[in-house]
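*Asks:* Sharing a structure with you now.
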Amino acid sequence: DITTKDKSLIDGTAIASENGQILRDLKDASLVVNTPRSQVVSSFFQNKKSFETNDMSIAIDGQFATVALSSPSDKPISQSDKLYLIVVGRAENTGFSYSFARNKAIARGQGPILTDHIDAQISIRTANPALKVIPLSTTGEKLPAIPSKYEDGRLSFTTSADTIYYIIE
């Protein structure tokens, strides 16, 4: 149940869950989920180019994207030895088409799914300095780790164009 928690929050344009872990900001056209084990930002990053959750900072230049980070264990993100990350922009099947008004699907298309390229600068608060960021292929195969840096309790990296899926372990 999402209710208006605080009308003064962001000029009365925000709707928050009662526990404050879900925030829908109409002004920034964003949705933020901020729990100890899952943190998500979905936004048109041209309105607001960076977002922060309790354990994640994201900067994207001018595109729609959804960035989701989760701990598959009972540990919170900041303490987990394994994390799952998805960074995805607009996505649709090959051959998918809309009506002229873009309000009705004309053809559903088929795989492979086409996605926008997203260059995201991500920083994750973690107690584990040995974590590596490993992209996954569409079949779940681990690809070579991408460059990352651990400094001041944060793992920082830039996502690549090759995938939307990452495992951090």
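*Asks:* Any idea how far apart Ser137 and Ala68 come out in nm if each label point goes 7 Å out from Cα toward Cβ?
*Replies:* 2.3 nm
*Asks:* Hey, for a label at Gln79 modelled as a point 7 Å past Cα toward Cβ, could you say which residues of the stretch 48-72 have their backbone N under 14 Å away?
*Replies:* Taking a point 7 Å out along Cα→Cβ of Gln79, the residues of the stretch 48-72 whose backbone N falls under 14 Å are 71-72.
*Asks:* Which one, Ala130, Ala120, Ala68, has the greatest fluctuation when you compute a Gaussian network model over the chain with C-alpha springs under 10 angstrom?
*Replies:* Ala130
*Asks:* Sticking with this one: Give, rounded to the nearest 20 debye, the magnitude of the charge dipole that the chain has about its Cα centre when Lys and Arg contribute +1 at Cβ and Asp and Glu contribute -1 at Cβ. Intermediate values should be presented prior to the final figure.
*Replies:* Values: 18 positive and 19 negative charges, 63 e Å.
In debye, rounded to 20, the chain gives about 300.
*Asks:* What full-extension length gain, to one decimal in nm, is calculated for Asp119 and Phe96 as 0.36 nm per residue of separation minus the Cα-Cα distance?
*Replies:* Stretched fully, the Asp119-Phe96 segment lengthens by 5.9 nm.
Just so you know, all these numbers are worked out from the coordinates, no wet-lab data involved. What you are looking at is a predicted structure, and each value in this text was computed from that prediction instead of being measured. Positions of Cβ are backbone-derived with ideal geometry, glycine not excepted, and every protein chain shown enters the neighbour counts.
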